[in-house]
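See below for the structure under consideration.
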Amino acid sequence: MEAIENIKRLCDEYLKGAFELEIVDLYKNPDAASLQQIVFSPSLVKQLPLPRKIIIGTFADTQKVIKGLGITIK
């Protein structure tokens, strides 16, 4: 739950509606883990813009997540 709250806050603050966020419970939908090549939970999969990236953790360190996603702060 902490990871979900952190990423929702980060997206709302820095991406302001320019994102689509899908939360998948891998225990209820294990096929999603296989499809997305996820081996750790929680994981964040950035599909677009390319390149595709996977970030693992609670996403509490906002600056690291922003850097990992390649978000430019204005």
> Restricting region 27-43 to residues that are among the hydrophobic types (A, V, I, L, M, F, W, C) and in contact with a Leu (Cβ under 8 Å, 6 or more places away or on another chain), which is surrounded by the most Cβ atoms within 10 Å (Cβ to Cβ)?
Replying inline: ILE38
> Looking at ASP25, is it modelled with pLDDT of 85 or more and more than 17 Å from LEU10 (Cβ to Cβ)?
Replying inline: yes
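The values are calculated or read from the model by the stated rules, or taken from the named source; none is laboratory data. Note that the coordinates shown come from a computational prediction; the quantities given were computed from them, not determined experimentally. Ideal geometry is used to build each Cβ from the backbone, glycine not excepted, and the neighbour counts take in all protein chains shown.
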